[in-house]
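Read-outs throughout are calculated quantities, based only on the coordinates presented, and are distinct from any laboratory measurement. Note that this is a predicted model, so its numbers are computed, not measured. Reconstructed Cβ throughout: ideal geometry from the backbone, glycine too, with neighbour counts over all protein chains shown.
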Amino acid sequence: MSIEKKILSVSAAAVLAVSGMCLPAAQTVGVFGTAVTASAAQVVSPRLSAGAHCGDKLIVYVDNYKSYSDSAAFAVKISGRTVKNMTGAELRSAEGKLTFTTNGASYLKPYTRYTVKVTAESGGTALSSEIKVNTSNYSYYTIKDGATFYTRSGGVMRAAGTMGSGVFRGQLCDVSGDSIAGKSIDSAALGYVKLAVPAKAGKNANQEQLYSYRYVYVKPAQASRKPIENVRNVVANFAIAASRVPNQTYYLCGEQFNSSALVSDCSGLTKAAYLRIGFYLEHNAEAQANTSGKLMVFDNIVQTGYSGGVRTYRFKNSSARVDVDSLEKGDLLFFVCSTNNQQVNPDYVNDGIGHVGLYIGDGQFVHFTSSYGKTNHPCRIENLRSYENSQLRVARAVRFIV
């Protein structure tokens, strides 16, 4: 089986339900509409699982594809629309992998639930199974180094320069730069991938780098879709690599990240990690916890006050704990505590969102903390449950990579 196969855990962005259905024996109908009898040879139901997903791409696996003969016939539908007819031999050649992109009758829409139905027919018997899967909010794309990018002005595309390799959020567009998500293939010819690229936009009073999104276009040949689970790995792996840098200093508002030295704080780490996928988060834990476009995985706090741009909170349930099994790599974990140091932080409160960490899987998270000393390896990996038992407990967990 290809290493691309990764069965996703039950979540809003993964498998939602699986069910097997068998047509009544007396009225079994073949894949291509041929009536068959109950005495025909038996065939097993397709066992389906979800693989990688993007804003405009889905992968579903027939896990028991080896159970079928080469002559078996398969019909595949997405939300009632037939998109594939194939043989058992073709399914074996694909190792059970069914890929749905822009090659069907219509483009997939971002953040949409689809029902994939696979019907297998062999020896006159047909059995079906369904699986419900979601596309992502948008697709992430890896851009080739040196790719030419275009800008749109007055409805005209113009080459504007080249860009380095990286991962960015994007969507498919026609030759005029208009989105074609959800439209029929005949309605527009694929021309570009539109990317949201964070561009430097000066610094604030704390000398933290600000960004604003610049929208540019690249040719499809210069971009390849990056599955959501791989995007999560980019963010998690950056945080893991940061924790291994030998020279580290906790410094409020610091933003130095290189292979030899780190100078930062908790929200500076998460900001830097998310910039690796072209996603800009403000350098502030409170702001990150309340950024729009997130999926709330766990929320055990209620706001109690708001003054001078600073929110205060209390726990809804003093004994509630985040379900570690519900977390995905890249999820941000927020903690209620004092908001850094009163002497250097004019927005200091005792009960604000004062700390943030990044979940990296296997019950662990990475965070930049001064709790152990500002130069005593402040960027470190910790067991989440142990940290909650001895230090702070998670107040809110949010997912931006959906």
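Values computed for the structure shown
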{"item": "Cross-link pairs beyond the 27 Å C-alpha cut-off, checked among Lys84/Lys132; Lys117/Lys194; Lys57/Lys219", "result": "Lys117/Lys194"}
{"item": "Hypothetical label at Asp362: residues of region 377-402 whose amide nitrogen lies under 18 Å (7 Å Cα-Cβ projection)", "result": "380-387"}
{"item": "Order by protection proxy (mean Cβ within 10 Å, highest first), peptides 202-209, 384-391, 162-169", "result": "162-169, 384-391, 202-209"}
{"item": "Value of Rg to Rh for region 92-172 (Rh from inverse mean 1/r over Cα pairs, i.e. Kirkwood)", "result": "1.15"}
{"item": "Over region 280-402: Kirkwood hydrodynamic radius from C-alpha pairwise inverse distances, Å", "result": "14.8"}
{"item": "Inter-centroid distance (Cα atoms) of region 210-287 relative to region 42-97, Å", "result": "37"}
{"item": "FRET efficiency for Asn290 and Thr375, using Cβ-Cβ distance with R0 set to 25 Å, rounded to 0.05", "result": "0.20"}
{"item": "Dipole in debye (nearest 20) - region 260-402, about Cα centre, beta carbon charges: Lys, Arg +1; Asp, Glu -1", "result": "20"}
{"item": "Estimated FRET transfer efficiency when R0 is 51 angstrom, pair Lys203-Arg81 (beta carbons, to 0.05)", "result": "0.50"}
{"item": "R0 of 30 Å, Cβ-Cβ distance Gln256-Arg214: FRET efficiency to nearest 0.05", "result": "0.80"}
{"item": "Rg ratio (alpha-carbon, reference 2.2 N^0.38 Å) - region 37-149", "result": "1.21"}
{"item": "Segment Arg92-Asp174, length gained on full extension (0.36 nm per residue, minus Cα span)", "result": "26.1 nm"}
{"item": "Semi-axis lengths, Å, region 139-225, gyration tensor of Cα atoms, sqrt of 5 times eigenvalues", "result": "26, 14, 13"}
